[in-house]
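Asks: Would you mind keeping the following structure in view while I ask a few things?
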Amino acid sequence: MVEHFETFVPLLKRSKGFEELKKEVIDQDLCSGCGNCSAFCKNIDLDENSKPYLVSDCTLEKGSIKCSLEGTCYDACPMVPYDFKKLEEKIFGSVGKDWIGNYIKIVAARSKDKRILERCQDGGVATSLLIAAIENNFVNAVTIVKGWKFWKESVKVTNDINEIIEASGTKYLRSSTPNAFGKNLRYFRRIAVIGTGCQIAGIRKFMTESSLKNLIEKTKESEVPVDVYLIGLFCYENFPMKDFEETIKQKYNITLEDIKKMDIKKGIVYIYTKDGREIKEKVAKALGKVAPSSCKLCKDFTARLSDISLGSVGTKAGYTTVIIRTKKGMELFEKAVEKGYIEVSEEVNVDEILKTAQSKLKYYEKEANRRKELGLRIVENW
Ligand SMILES: Cc1cc2nc3c(=O)[nH]c(=O)nc-3n(C[C@H](O)[C@H](O)[C@H](O)COP(=O)(O)OP(=O)(O)OC[C@H]3O[C@@H](n4cnc5c(N)ncnc54)[C@H](O)[C@@H]3O)c2cc1C
Ligand code: SF4
Ligand code: SF4
Ligand code: SF4
């Protein structure tokens with residue numbers, strides 16, 4: 001049922017470290033705050049905008065074969081020059097014919113658990129799949145994003161079902177689930193990670209590139225083989241916490257603690273507060289300046305490298321669109337249906353998903369042209 005990592009894979013020669021990551025990605029506003037670089041390195045931390053920085057000396061000796069026993073930040077980053085189509089081909093056997101990517105099946109679904117339906121973002125499928133994964137022994141633990149506070153307080157690896165239910169709902173803030181995954185892999189060897197396309201892409205690199213895969217194996221403190229389920233979320237853009245917090249405070253006199261739910265649909269942002277206020281504004285007007293260049297330059301709306309991708313686009317309110325991509329994803333989804341965690345409807349508007357993915361490409365073109373004129377690097381990894 002599960003694919004195991006190989007126990008020995010030769011290290012590939014690598015040559016770059018944090019210095020280059022900073023120069024090529026972080027200082028160029030190309031960092032998406034995904035947290036893959038910090039996942040396995042004790043020298044890197046992330047600030048309140050999820051921007052990586054060194055907390056102690058980088059132990060890499062330039063040109064050496066490996067940087068440390070802990071990890072390698074440059075190679076894990078989804079924003080350094082890299083061919084994700086090649087990686088997609090390696091995983092799926094072919095490159096997806098359009099921006100939905102490879103898939104076995106696309107359906108709409110929703111949770112059957114009232115507690116989840118009361119709190120979730122769309123149909124509660126994400127929460128239900130995470131719970132099904134634990135309760136049916138697919139994994140030992142899952143990543144969650146509990147709240148709107150700084151990611152360090154919010155992002156967790158857990159197997160507590162109540163905590164997973166409480167974490168339902170989308171927080172449109174960079175929330176470094178790969179960092180939590182990496183830091184906890186030695187304790188929970190079988191983990192389901194939920195995240196946006198860039199987060200999933202980085203973890204796929206870890207799981208597929210032999211040099212990185214080998215580093216994952218070195219976190220081993222038990223004989224349990226590593227096994228990872230990747231649950232991707234559709235993503236148009238994601239906001240750095242500190243910048244987002246300052247903007248909503250200044251524009252609407254709202255703090256992060258005030259937010260009950262936030263949604264972005266068809267270019268409009270809706271913020272519902274705990275005391276009953278409702279903000280409705282065009283995203284570009286409300287948060288245009290907060291969106292980082294990295295997100296504008298991202299083409300992967302549907303998290304193509306996941307086992308299962310989830311989103312709201314393509315289904316009616318109260319349902320989650322589910323793109324089942326891999327055999328592993330299918331097994332988890334089928335178990336969740338069979339055991340009554342979720343119910344399925346076949347009604348999905350695939351054109352709507354493609355339309356949104358296309359509009360993200362236009363966003364890309366605009367930003368790429370702007371950066372080219374300024375002589376700045378652009379990301380062309382897809
Ligand atoms: C930053 C961001 C942008 C998105 N943009 C779009 C979009 O443009 N169009 C679209 O169709 N869908 C988008 N989504 C996905 C959508 O908002 C829902 O997450 C998805 O439809 C699943 O809904 P659900 O009811 O099944 O999830 P729920 O059952 O409510 O569970 C949501 C899960 O996501 C986790 N989570 C919450 N915030 C984050 C985060 N920041 N990073 C990682 N995990 C998180 C929670 O811990 C929870 O486990 C976005 C999601 C994120 C995180
Ligand atoms: S030790 Fe390795 S992973 Fe850590 S900062 Fe240096 S190059 Fe990056
Ligand atoms: S994009 Fe992710 S991996 Fe790359 S520097 Fe930023 S946080 Fe690190
Ligand atoms: S838009 Fe792309 S780069 Fe930005 S958070 Fe989403 S998946 Fe990552």
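The values are calculated or read from the model by the stated rules, or taken from the named source; none is laboratory data. All figures in this text were calculated on a predicted structure; none of them were measured in a lab. FYI the Cβ positions are ideal-geometry reconstructions off the backbone, even for glycines, and counts take in every protein chain you see. To get the accessible areas, we keep the full protein, side chains included, count just its heavy atoms, and leave off ligands, DNA and RNA. Shrake-Rupley method; radii C 1.70, N 1.55, O 1.52, S 1.80 Å.
Asks: Using a basic spin-label model with each label point 7 Å from the Cα along Cα→Cβ, how many nm lie between T59 and K42?
Replies: Taking the simple label geometry, T59 and K42 are separated by 0.7 nm.
Asks: Can I ask one more? When the helix-only estimate is applied to the chain (DSSP H runs of n ≥ 4, each -39,500 (n - 2.57), divided by the residue count), what is the mean residue ellipticity at 222 nm, nearest 500 deg cm²/dmol?
Replies: Roughly -9500 deg cm²/dmol at 222 nm, from the helical runs in the chain.
Asks: What part of the accessible area of the chain, given as a whole %, is carbon or sulfur when the probe is 1.4 angstrom?
Replies: Roughly 49 percent, rounded to a whole number.
Asks: Sticking with this one: To the nearest 0.05, what FRET efficiency results for E281 and E343 with a Förster distance of 35 Å applied to their C-beta separation?
Replies: 0.55
Asks: Let me ask something else about it. Evaluate 2.2 N^0.38 Å with N set to the residue count of the range 241-287, then give the Cα radius of gyration divided by it. Display every interim value, and only then the final one.
Replies: Numbers: Rg = 9.9 Å, N = 47, 2.2 N^0.38 = 9.5 Å.
After normalising by residue count via 2.2 N^0.38 Å, the value is 1.04.
Asks: Also, I was wondering about something else. With an 8 Å Cα cut-off and a minimum separation of 6 or more residues, compute the relative contact order for the chain in percent.
Replies: Across the chain, relative contact order equals 23 percent.
Asks: For the range 241-287, what is the accessible area per residue in Å² when the probe is 1.4 Å? It would help to have the intermediate numbers written out before the result.
Replies: Details: 2850 Å² over 47 residues.
About 61 Å² of surface per residue is accessible.
Asks: Additional query: Using Cα-only point scatterers and the Debye equation, what is log10 of I(q)/I(0) for the chain at each q in 0.14 Å⁻¹, rounded to two decimals?
Replies: For the chain, the Cα-only Debye profile gives -1.27.
Asks: Taking a 23 Å limit on the Cα-Cα distance, which of the listed pairs K22/K360; K146/K261; K22/K261; K42/K296; K242/K366 fall beyond it?
Replies: From K22/K360; K146/K261; K22/K261; K42/K296; K242/K366, over 23 Å: K22/K360; K22/K261; K42/K296; K242/K366.
Asks: A follow-up question, please. With a 1.4 Å probe and all protein chains kept in place, how do E48, E135, E237 rank by accessible area, largest first?
Replies: Values: E48 80, E135 105, E237 25 Å².
The ranking, largest first, comes out as E135, E48, E237.
Asks: Next question. Once you charge only the Cβ atoms, +1 for Lys and Arg and -1 for Asp and Glu, what is the size of the charge dipole of the chain about its Cα centre, to the nearest 20 debye?
Replies: Taking the Cα centre of the chain as origin, the dipole is about 620 debye.
Asks: Can I ask one more? Which three semi-axes in whole Å describe the equivalent ellipsoid of the range 252-364, each the square root of 5 times a Cα gyration tensor eigenvalue, listed largest first?
Replies: Equivalent ellipsoid semi-axes, largest first: 29, 20, 13 Å.
Asks: Can you pull the one-decimal nm distance between simple spin-label points at E365 and T255, each 7 Å off the Cα toward Cβ?
Replies: Rounded to a tenth, the inter-label distance reads 4.5 nm.
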